[in-house]
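Participant: Quick one: the structure is below, questions incoming.
The values are calculated or read from the model by the stated rules, or taken from the named source; none is laboratory data. Because the structure is predicted, anything quoted here is derived from the model rather than measured. We place every Cβ from the backbone using ideal geometry, glycine too, and count neighbours over all the protein chains shown.
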Amino acid sequence: MSAAVLRFAVALVRRWTRLYTWRMPADLRDARRAEIDSDLWEFQHDEEADAGLGAAALLVARLLAGIPDDLGWSLDQVAVAGALTQRSVALSGRAAGAALFICTSWVIQADASRTPPAVTNTRPAVFDRNLEATTMTRTLPRLTAGIMATVGVSMHLAAQSPPVPSDGPLFAVASIKPNPTGRTGPTRSQVQPGGRFVAENIPIRLLIGQAYQVPSYRLVGGPAWIESESFDIDAKANGELSARGALRPLDGALRGLLADRFNLVVHMETRQLPIYTLVMARADGLLGPNLVRSSITDCTAVLSAVLAAPGGGPPPPPEPGGNAPPCGVMTGNGTFSADSRSLTQLASVISAMVDRRVVDQTGLTGLFNAHLTWTPDQMPQQSNPNVRPIDPNGPSLFTAVQDQLGLKLQSTTGPVDVLVIDSVEKPTAD
Amino acid sequence: MRRKPGALVPLELAICEVAAKLRRRGSGDFHGYEIAKLLSETADTRLLTAYGTLYRALGRLEKMGLLESRWEDADLPSRESRPARRLYTLTGAGENALRETLTVGTDKVSPRARRRLARA
């Protein structure tokens, strides 16, 4: 009996671990499961550890006491991946706590209402093994049910709840109309003072990417019309919508607009997709002529000095195609310039150009200056007279990366955190 | 427990302390179950630190740069027919953080952490 109960407890820990790591990024999920497996194995093979029912009780106690931290950890990971707003993280935590409380109360009440088994002997049963076994076998299934209910509630909330805008401003009024020109005209969007957001000829897929800050390659699912049809939007929020900084009120307001008017439901998940790795092109590790180590080692100090200078504030943006500002990046059609950026940051910039995740595997550390010129697959329709024209016979981006930076983009597959569009509907009338 | 800026919570402090003790004995690496057992011995209790609490704390310490971890080579676990262990090591930054925490005086450390440290 005791061995069976121990096996049950081990299975319970494993099952719980599988549940709360469900939908986690593959590397985190696998590492956590492997680590718990290792812990369980060590415990079962520890000669000094308790055996039998005591061991099972110890395992279940370790499991139950750690559930809040397990849920907290999984919500941390989901929040980092950007699937939830702070508000829905808090909501999930409260719901999980409430479910755990209800389940625990149910278990206690069920146990208390049960008639205890009659004690047939007269010796003082300080800790009767039969009684312990009976209690364990009757209580564990109920505990399992409680845990499953808790996990179910929290996972459902974490994975499926439509992201709720954070505490920032929301659009109080919004006019959304289909744009009759279709996708032939240019797309414009602008944030104006007073919390006004105006977008012309914008496809909803682009708006979703903007609201959730995900590039096109990380956005999957949804009907064809979200890309083929476009809309004119004129919305007014109940607060300022500054588009600067890491926490953008505009993003929250747009998420609210998409949920209210387009009934958008999304979730984050990790998929194995084609990616590129950025590696050294030459075996001897020689860099290309346009990739040189920067003399700057601390960009924070540089940017602080720029902001503290007389007349402070960031310098005006340079012309497209020109050199990047100190510790900055400048991209244009067929050109890219970076000043004092790490290879990880360069990989991120290249990722936007190739529309795939690019993982830095060069092993290079420190900051670099880089300049790249290539011929884009799609030449711009209107040439800007202020910008150097693109050479139509220049190298492709892949060739340019190899010849000019001494690096190489290798195609492979790897985990990519994607935003999945579960459902979206054409907007309701104004 | 709400964390004060720049401070270690008692469990993190206890993990660093036990890790430092292991390092002084010449066995710098430890795995999750091993540290849970050492912590329970230090606290003189049969109960091991809960799975979620322990591995979340180890993750936090690694993120703070106070611990580093690696998975052991696949050969040894396959020879011993057991799962691979994730081995943690106290970093130099971890030792410094521990030293600084202990230098500021145990009056700033919670009573629970003081008891753990006294037994360690």
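Participant: Identify, please: which residue in the stretch A:15-58 is buried (at least 19 other Cβ atoms within 10 Å of the Cβ) and farther than 29 Å from A:Leu75 by Cβ and is, among those, nearest to the other protein chains (Cβ to nearest Cβ)?
Facilitator: This residue is A:Ala55.
Participant: Here's something else I'd like to know. Answer yes or no: is there a residue in the stretch A:77-84 that is under 23 Å from B:Leu48 (Cα atoms) and either modelled with pLDDT of 90 or more or surrounded by fewer than 16 Cβ atoms within 10 Å (Cβ to Cβ) (or both).
Facilitator: Within the stretch A:77-84, not a single residue is under 23 Å from B:Leu48 (Cα atoms) and either modelled with pLDDT of 90 or more or surrounded by fewer than 16 Cβ atoms within 10 Å (Cβ to Cβ) (or both).
Participant: What's the number of the only condition in (1) at pLDDT 90 or above; (2) within 30 Å of A:Ala57 (Cβ to Cβ); (3) in contact with a Leu (Cβ under 9 Å, 6 or more places away or on another chain) that B:Arg56 fails to meet?
Facilitator: Exception for B:Arg56: condition (3).
Participant: Oh, and also: Please report, ordered by residue number, the strands (runs of 3 or more DSSP E) entirely within the stretch A:325-430 with at least 2 residues that are at pLDDT below 90 and surrounded by fewer than 16 Cβ atoms within 10 Å (Cβ to Cβ).
Facilitator: Values: elements: A:329-332, A:335-341, A:358-360, A:368-373, A:407-423.
Output list reads A:407-423.
Participant: So which residues in the stretch B:86-95 are touching a helix residue (DSSP H, G or I) at 6+ places or on another chain (Cβ under 7 Å) and in a helix (DSSP H, G or I)?
Facilitator: B:Gly94, B:Glu95
Participant: Quick test of your reading of the structure: B:Pro83 fulfils all but one of (1) in a loop (DSSP other than H, G, I, E, B); (2) loosely packed, with under 11 Cβ neighbours inside 10 Å. Name the failing condition by number.
Facilitator: Among (1) in a loop (DSSP other than H, G, I, E, B); (2) loosely packed, with under 11 Cβ neighbours inside 10 Å, B:Pro83 violates only (2).
Participant: A further question on this structure: Check A:Gly221, A:Gly194, A:Gly256 and return the single one that is at positive phi and touching a strand residue (DSSP E or B) at 6+ places or on another chain (Cβ under 7 Å).
Facilitator: Only one candidate qualifies: A:Gly221.
Participant: Name every residue in the stretch B:46-73 that is within 8 Å of chain A (Cβ to nearest Cβ), in a helix (DSSP H, G or I) and either more than 11 Å from the chain's Cα centre (by Cα) or among the β-branched types (Val, Ile, Thr) (or both), in order of residue number.
Facilitator: B:Tyr51, B:Gly52, B:Thr53, B:Arg56
Participant: Another question about this same structure. Please give the number of the condition B:Leu76 fails out of (1) surrounded by 16 or more Cβ atoms within 10 Å (Cβ to Cβ); (2) within 14 Å of chain A (Cβ to nearest Cβ).
Facilitator: The single condition B:Leu76 does not satisfy is (1).
Participant: Those residues that are crowded, with 24+ Cβ neighbours inside 10 Å and in contact with a Phe, Trp or Tyr (Cβ under 6 Å, 6 or more places away or on another chain), I need them from the stretch A:252-271; list them, please.
Facilitator: Scanning the stretch A:252-271 gives a single hit, A:Ala253.
Participant: I'd like to verify a number: residues in the stretch B:79-104 that are hydrophobic (A, V, I, L, M, F, W, C), within 14 Å of another protein chain (Cβ to nearest Cβ) and touching a residue at least 40 places away in the same chain (Cβ under 8 Å), how many?
Facilitator: 1
Yes or no, residue by residue, for (1) free of Cβ contacts under 8 Å to residues at least 40 places away in the same chain; (2) closer than 21 Å to A:His45 by Cα:
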| residue | (1), (2) |
| --- | --- |
| B:Ala20 | no, no |
| B:Ala50 | yes, yes |
| B:Leu61 | no, no |
| B:Ser69 | yes, no |
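Participant: Given the condition surrounded by 14 or more Cβ atoms within 10 Å (Cβ to Cβ), at pLDDT 90 or above and touching a helix residue (DSSP H, G or I) at 6+ places or on another chain (Cβ under 9 Å), answer yes or no: does some residue in the stretch B:2-9 qualify?
Facilitator: There is no residue in the stretch B:2-9 that is surrounded by 14 or more Cβ atoms within 10 Å (Cβ to Cβ), at pLDDT 90 or above and touching a helix residue (DSSP H, G or I) at 6+ places or on another chain (Cβ under 9 Å).
Participant: Separate question: Can you work out which of the residues in the stretch B:19-45 that are out of contact with any Leu (no Cβ under 7 Å at 6 or more places or on another chain) and in a loop (DSSP other than H, G, I, E, B) is farthest from the other protein chains (Cβ to nearest Cβ)?
Facilitator: Restricting to residues being out of contact with any Leu (no Cβ under 7 Å at 6 or more places or on another chain) and in a loop (DSSP other than H, G, I, E, B), the top hit is B:Gly26.
Participant: Additional query: Does A:Ala259 meet the test of being at pLDDT 85 or above, over 18 Å from the mean Cα position of the chain (by Cα) and of a type in the set (A, V, I, L, M)?
Facilitator: yes
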